[in-house]
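See structure below.
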Amino acid sequence: EQDVQLGKESAAEVEKQMQIVKNSQIASFIDGIGRKLAAAPEAEAQTYAYSFKVVNEKSINAFALPGGPTFTHTGLIAAADNEGQIAGVLAHEISHVVLRHGTSNVSKANLLQIPAMLGGALGGGGMLGQLAQLGVGLGANSLMMRFSRGAETDADLLGTRILHRVGYNPIEMARFFEKLEAESGKQGKLSEFFASHPNPGNRVKKVQTEILLLPKRSGAYDADSGRIAQVKQA
Ligand code: ZN
């Protein structure tokens, strides 16, 4: 419940600072992918309050706040080769929410203060305001959105299970991350995504191994809406 509350407050702040894309073609495309993924039992949608919005930012990134609000940069949509790659990033972000990586980081860094804070009556400014007093804020370097390599692998593996469940090929998630990594190398500049999601290495291989452990699907991966070309144009 506290994750969800913190996420709501943080999302309101993000929406003040970033431009939310209202174009219905783009917004409904991302929301549609997100909802499909959130319907997987692994996403625990009865516990978390998912939302899937698009922000007008050219950099290649996406991020989830604790409790479920998720934001996709337009630059990420432009960089993806197919819908499965975008679904892959969203499944990875959903996994950070379910595994509570962001709040776990914040709790570890503030072991003494946070239980006292949460135990007391919430003062003015809500949870986000109280966390700000501990030096925990939003933004690229926020503890809430910066993960370890171990957390990255965990998010890839849970993401794999979610994608497989709803009918997106999980390999596209790993391929996209490897493609971004390769392009970052060429440009000598790491994509913004890796600043908060450090590459744990061997992603395609780990995803392939995980797929072998999952129940076989009765049909092909068929969740693709077929809308990506139009959405990219928009
Ligand atoms: Zn990650």
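None of the figures in this text is laboratory data; all of them are computed from the coordinates on show. Bear in mind that the values here come from a model prediction, so they are computed numbers and not experimental data. Positions of Cβ are generated from backbone atoms using ideal geometry, with glycine treated the same way; all protein chains shown enter the neighbour counts.
Across all directions, the shadow cast by the convex hull of the stretch 1-112 built on its C-alpha atoms averages 7.2 square nanometres.
When only Cα pairs below 8 angstrom with a gap of at least 6 residues are kept, the chain shows a relative contact order of 22 percent. Amide H contacts of Ser191: Ser184, each under 5 Å away and 5 or more positions distant or on a separate chain (H built 1.01 Å from N in the peptide plane; Pro and chain starts excluded). At q = 0.12, 0.23, 0.31 Å⁻¹ the log10 of I(q)/I(0) for the stretch 38-90 amounts to -0.28, -0.88, -1.19, computed by Debye summation with a single uniform scatterer per C-alpha, solvent ignored.
In the chain, the longest principal axis of the Cα atoms and the axis of helix 83-98 are about 30 degrees apart. Taking only the C-alpha atoms of the chain, Rg followed by Dmax gives 17.4, 53 Å. Electrostatic bookkeeping for Thr153 treats Lys and Arg as +1 and Asp and Glu as -1; over the other residues with beta carbon under 12 Å from its beta carbon, the sum is 0.
Angle, helix 2-17 long axis vs. longest principal axis of the chain, Cα atoms, 0 to 90°, nearest 10? For helix 2-17, the angle is close to 80 degrees.
By how many nm would the segment from Gln46 to Lys108 lengthen if fully extended, with 0.36 nm per residue of separation less the alpha-carbon distance?
19.7 nm
Among the trypsin sites (Lys or Arg not before Pro) found in the stretch 1-33, those both in a DSSP coil and sparsely packed, with 12 or fewer other Cβ atoms within 10 Å of their Cβ, are Lys22. From helices alone, the chain scores -17500 deg cm²/dmol at 222 nm; the rule is -39500 (n - 2.57) for each run of n ≥ 4 DSSP H residues, then divide by the residue total. Among the GluC sites (Glu not before Pro) in the stretch 1-77, which ones are in a DSSP loop with at most 15 other Cβ atoms within 10 Å of the Cβ? Mind listing them? Loop-located and lightly packed - Glu1, Glu44. Principal axis analysis of the Cα atoms in the stretch 1-49 yields extents of 29, 25, 9 Å, listed in decreasing size. Helix 24-38 and the longest principal axis of the C-alpha atoms of the chain enclose an angle of approximately 80°.
Karplus-based coupling profile of the stretch 160-175, in residue order and whole Hz: 4, 5, 5, 4, 4, 4, 8, x, 10, 6, x, 4, 5, 4, 5, 4, with θ = phi - 60° in 6.51 cos²θ - 1.76 cosθ + 1.60 and x standing for Gly or Pro. In this calculation the C-beta distance from Ser148 to Lys216 is compared with R0 = 41 Å, giving a FRET efficiency of 0.80.
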